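Here, each number is a calculation from the coordinates, and none is a lab measurement. Quick caveat: nothing in here was measured; it's all calculated off a predicted structure. Don't worry about glycine lacking a Cβ; one is built from the backbone with ideal geometry, like all the others, and counts go over all protein chains shown.
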Amino acid sequence: MRKNGRKQVFQWTSALLAGFFVVNALCFGYERQPGCLVTPELPAASVWQPGAVIVHGTEGYGISKVDENGFLNSDGTLAERYVLMMGASHTQGKEVSPGQRYSTLVNDYFSGGSGFLTAYSIASDGHFLPSQIRHFRAAVEAFPNAGAITIEIGSTDDSPRELHDARKQPVYDPGNGGFNNLSPVSRLKLAAKEGLPLLTLLKKNFQTLRAQAAEETEGPYDYETELDAALSLIRSQFDGPLAFVYHPTTEIQPDGSLKLGYSDNWEIFCQVCEKNGIDVIDTGPGFTRLYETEQKLPYGFSNTTPGSGHLNAAGHRILAEEIISYLEENRV
Amino acid sequence: MTFYSINFLLFFLAATALVQLSKTPKTQRRVFLLANAVFYAYWDVRFLLLLLGVIWVCYVCARLFESSGKPAFLYGGVAACLALLGFCKYYNFFISSFARAFGLGSVGTLNIILPLGISFYLFQAMSYLLDVKKGAITAERDFVKLAAYISFFPQITSGPIVKAHDFLPQLDRLHRVRKDNVYLGVTRFVTGLTKKVVLADRIGVAVNAVFAAPAAYNGLSIAMAVIGYSLQIYCDFSGYSDMAIGIATVWDFDLGRNFNMPYLAENPSDFWRRWHISLSSWFRDYVYIPLGGSRRGRFRTYVNLLVTMLLSGLWHGANATFLVWGAYHGLGCVAHRMLGRRGGQKKPWQTALCTAANCLFVSLGWVIFRAESVGKAMEIFRGLFRGTGICYVNVFTVVYGGMIALTHLYARFRRNANAPEEALKLDTFRGKLLLSVWIFLILGLMYCGNSAFIYANF
């Protein structure tokens, strides 16, 4: 009896482990995120493990290779002058193939097949406006030959407190926070993350199930004042053309028309940008044109819902067209 | 407390331990009732008293009938159940429809909250009263036993509707958690879980998007959404039934079969022998047959079919769409009865053609069922022929639709058009490995957004 019990326990344990590894193996072709490091003193909030491959199949489908700096870009060396593209997950474009990302499309347009990178993305997941302001100084110092900077944002409704705190920019320190200085334990954790993509997928699923909005206290901060101070700061740190690339949300109405969703603070945001000499590229009209002429939406994929989620290939194309037009107007 | 939550797992394990520790059927019935009460109260404690009230009324009516021999007591009980159902579910619909018909403007609609599972437990309660009337069972002396049946937790929120004469005798014996039942129950439960959280919920996202704004999509997208909804509602409802049946199986209960490859049906009547079998057989036993069934001539049979299907449609909800949907299926059944060929074996191509035609009939019917109004349904039908608009072919509808089609083909050619019901052989390492891979696949592919059961609304 006891022998049989031991056998059953052994069989169940082995089956669970084997089952885990079978499904884990499938994840390499479906959803795989490599290790990533939080980097407070580098140009972006986090970087991927250089050289790693990201497979993203839960929304759209894309296979991306991480470059030597931990960002998602085409192969090649930086041109003498280039456009630095800051942004969050939309700019990374993990949901589309690398050739469909707006950063790649802009790069292809200006590089003319020279092999040099004329547009360079330093986007990272969750790198929204306050985070981009915080890392702006490090970005400018890390990429001193940037001829223009674009900052992709999907919302201007950031917390005034976060905007206030974002002005405490860390000093750029390339020797600190990279993958070279990791402890053996951290290396082991990253290796586990690389080799066990199922764990990351399960964690993501459970986080979605338990998603709860964290409440924050705002304190005595005013949006317009804090935004003005933040934008004034980044404007003082970079002389060249600087533009926010804003993409509104989209919603299909029951009558079949497209409704663009602008942030509550959109008007104030535009006014403050104008005051500080920062351009705003609004992709909304481009989205409307896309819908009316091609009956396509800028967001959503065939494995998600049309009009929501991340930018799809058509959305990236619109952003690329708007950025190219802006850069040509500014003769960058 | 959904079936796939940690809370439910803990609740079920604790209840199972109590069931296993019980020494007599009587003690077990108390444990079942306690489990039912805890489960129902966890959903909505406010209506627990209403549920107990319904059970008490049925108990008293049946006892009075037994002692006096007057069927009026049983009919009174049935009328009370129907009145409660009518008030909770249909009052606002009928009062506003009446006002609209006579141009009375705003009328006194009430803010009624539909008690969870009311359509299911009231039908079980009426089944008890009508079975007593028919003499299929005797009036129950043990209130706890009757309460354990009517409030049985695995099926109280979304069925299956188990008839009294099938279930009450099962409460007379001692239930033990046996290996075979656990294997079968786990297999059924995991099958249902897959249908619900992987298939139905994923496909549902695509369906909801198109049905919310059909004017924006082209004909292909709308056709895919129509197919998608046929798959979604099947996987959602049969998934819940599988989970409920699986849970009951672990406790050594037989709730019967609620779905049997409905999209293999060759005609509307066959469809209703395969879809929501417990509801169809309820209407057959307690409405269609008492109305005379097919014994009173051809015309009366058609009328009986139509009345039964209209009531079946109305059971689903207080909306004109459900009535139209019921009439649509009723007319389908009548047409099949009028035109269907008698006897003779169909050739394979004829069977395939009939199955495809019936699938089309049923799928178009789901549009009426799903739409907010008959006008919206018409808009979707018109949209099927639209050449312009967003082209949206959802990957999950295609892939999962293909998988469901393969399962149906397997059932058609290997199982004589019946659903497979084998348990995983969990004695073997292979069985354990299969279950392990299956569960990890569910966890990896599950939809994590809003995933309420469609039939829980009814």
*Centroid-to-centroid separation of segment A:38-97 and segment B:49-66 [C-alpha atoms, Å]*: 68 Å
*asked:* Give me, ordered by chain and number, the residues 5 or more places off A:G147 or on other chains with an amide H under 5 Å from its own placed amide H.
replied: A:Y82, A:V83, A:L84
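Determine, from the Cβ-Cβ distance of A:N181 and A:V53 and an R0 of 25 Å, the FRET efficiency 1/(1 + (r/R0)^6), rounded to the nearest 0.05. Provide the component values of the computation, followed by the final result.
Values: r = 23 Å, r/R0 = 0.93.
It comes to 0.60.
Set the Förster distance to 41 Å, then compute FRET efficiency between B:N208 and A:W12 from the Cβ-Cβ distance, nearest 0.05.
Working: r = 39 Å, r/R0 = 0.95.
Efficiency at R0 = 41 Å is approximately 0.60.
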*Rh by Kirkwood over Cα pairs, then Stokes-Einstein D for segment B:16-176 at 1.306 mPa s and 10 °C, µm²/s*: 94 µm²/s
*Grab the eigenvalues of the alpha-carbon gyration tensor for segment A:226-332, scale each by 5, take roots, and send me the semi-axes largest first in whole angstrom.*
29, 16, 11
*Just the ratio, please: alpha-carbon radius of gyration of segment B:85-240 over 2.2 N^0.38 Å, N its number of residues.*
1.42
*Relative contact order of chain A: what whole-number percent is it, with Cα pairs under 8 angstrom and at least 6 residues apart?*
19 percent
*Apply 1/(1 + (r/R0)^6) to the Cβ-Cβ distance of B:D44 and B:I6, taking R0 = 22 Å, and write down the FRET efficiency to the nearest 0.05.*
0.65
*Expressed as an acute angle from 0 to 90° and rounded to the nearest 10, what is the orientation of the C-alpha long axis of helix A:197-209 relative to the principal long axis of chain A?*
70 degrees
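What dipole magnitude, in Debye to the nearest 20, does segment B:281-345 give about its Cα centre under +1 on Lys/Arg Cβ and -1 on Asp/Glu Cβ? Intermediate values should be presented prior to the final figure.
Numbers: 8 positive and 1 negative charges, 83 e Å.
Computed charge dipole of segment B:281-345: roughly 400 debye.
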*Build a GNM of chain A with springs between Cα atoms under 10 Å: which of A:K259, A:K65, A:K203 gets the top mean-square fluctuation?*
A:K203
*For chain A, with +1 on Lys and Arg beta carbons and -1 on Asp and Glu, the positive-most of A:V38, A:S257, A:I133 along the dipole*: A:V38
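Percentage of Cα-Cα pair distances in segment A:58-125 greater than 17 Å, rounded to whole percent?
For segment A:58-125, the share of Cα pairs beyond 17 Å comes to 34 percent.
Please label the shape of segment A:36-82 as rounded, prolate or oblate, based on the square roots a ≥ b ≥ c of the eigenvalues of the alpha-carbon gyration tensor (a/c under 1.5 means rounded; beyond that, a/b larger than b/c means prolate, else oblate). Present the calculation step by step, with values, prior to reporting the outcome.
On the way: a/c = 2.18, a/b = 1.25, b/c = 1.74.
Oblate shape, in that a/c is at least 1.5 and b/c is the bigger or equal ratio.
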*How large is ³J(HN,Hα) for each residue in segment B:306-312, as worked out from phi by the Karplus curve 6.51 cos²θ - 1.76 cosθ + 1.60 (θ = phi - 60°), to whole Hz, x for Gly and Pro?*
5, 4, 4, 5, 4, 5, 4
_Principal-axis tilt of helix A:2-27 within chain A, Cα atoms, nearest 10 degrees_ = 30 degrees
*For segment B:326-387 and segment B:144-208, compute the distance between their C-alpha centroids and round to whole Å.*
29 Å
*asked:* Under a crude label model (7 Å from the Cα following the beta-carbon direction), how far is A:Q237 from A:Q253 in nanometres?
replied: 4.1 nm
*asked:* For B:V367, A:V9, B:V307, B:V226, which order do you get if you count the other beta carbons within 10 Å of each Cβ and list the fewest first?
replied: A:V9, B:V307, B:V226, B:V367
_Averaged across A:8-15, how many Cβ atoms of other chains sit within 10 Å of each residue's Cβ atom?_
4
*Simple spin-label estimate for B:Y91 and B:A14 in nanometres, 7 Å along Cα-Cβ*: 3.5 nm
*With a cut-off of 19 Å, note down the residues of segment B:1-40 whose backbone N falls inside the zone around a label point 7 Å from the Cα of B:R141 toward its beta carbon.*
B:24-30
*Averaged over peptide A:136-144, how many Cβ atoms belonging to another chain are found within 10 Å of each residue's Cβ?*
0
*asked:* With 10 angstrom as the radius, rank B:S269, B:S67 by how many other C-beta atoms surround their C-beta, starting from the fewest.
replied: B:S67, B:S269
*Rounded if a/c under 1.5, otherwise prolate or oblate - chain A, Cα gyration tensor axes*: prolate
*asked:* About the Cα centre, and with charges only on the beta carbon of Lys, Arg (+1) and Asp, Glu (-1), how big is the dipole of chain B? Nearest 20 debye, please.
replied: 1040 debye
*For chain B, what is the calculated [θ] at 222 nm in deg cm²/dmol (nearest 500), taking -39500 (n - 2.57) for each run of four or more DSSP H residues and dividing by its residue count?*
-21000 deg cm²/dmol
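Could you work out Rg/(2.2 N^0.38 Å) for segment B:357-458, with Rg from alpha carbons only? Working shown, then result.
On the way: Rg = 18.9 Å, N = 102, 2.2 N^0.38 = 12.8 Å.
This ratio for segment B:357-458 stands at 1.48.
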*asked:* Can you tell me the convex hull volume per residue for the protein assembly as shown, based on C-alpha atoms, in Å³ to the nearest whole number?
replied: 214 Å³
*Calculate the spin-label point distance for B:L174 paired with B:L406, positioning each point 7 Å from the Cα along the beta-carbon direction, and give it in nanometres.*
4.6 nm
*Helix A:223-237 sits at what angle to the longest principal axis of chain A, using alpha carbons and giving 0 to 90 degrees rounded to 10?*
80 degrees
*Of B:F253, B:V198, B:Y183, whose Cα points farthest to the positive end of the dipole of segment B:176-314 (charges on the beta-carbon: +1 Lys, Arg; -1 Asp, Glu; origin at the Cα centre)?*
B:F253
*Residue by residue through segment B:202-219, which ³J(HN,Hα) values in whole Hz follow from phi under the Karplus form 6.51 cos²θ - 1.76 cosθ + 1.60 (θ = phi - 60°), with glycine and proline marked x?*
5, 5, x, 4, 5, 5, 4, 4, 6, 5, 6, 8, x, 5, 8, 10, 7, x
*Most mobile of A:F20, A:F128, A:F143 per a Gaussian network model of chain A (Cα springs, under 10 Å)?*
A:F20
_Neighbour-count ranking [beta-carbon atoms within 10 angstrom, fewest first] of A:E292, B:E379, A:E322_ = A:E292, B:E379, A:E322
*asked:* For a bin width of 10 Å, list the pair-distance distribution of chain B built from all Cα-Cα distances, rounded to whole %.
replied: 4, 18, 29, 28, 16, 4, 0
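Have a look at the DSSP beta bridges in the protein assembly as shown and tell me what percent are antiparallel, nearest 5. Write out the running numbers ahead of the final one.
Working: 15 of 35 bridges.
Expressed as a percentage, antiparallel bridges in the protein assembly as shown total about 45.
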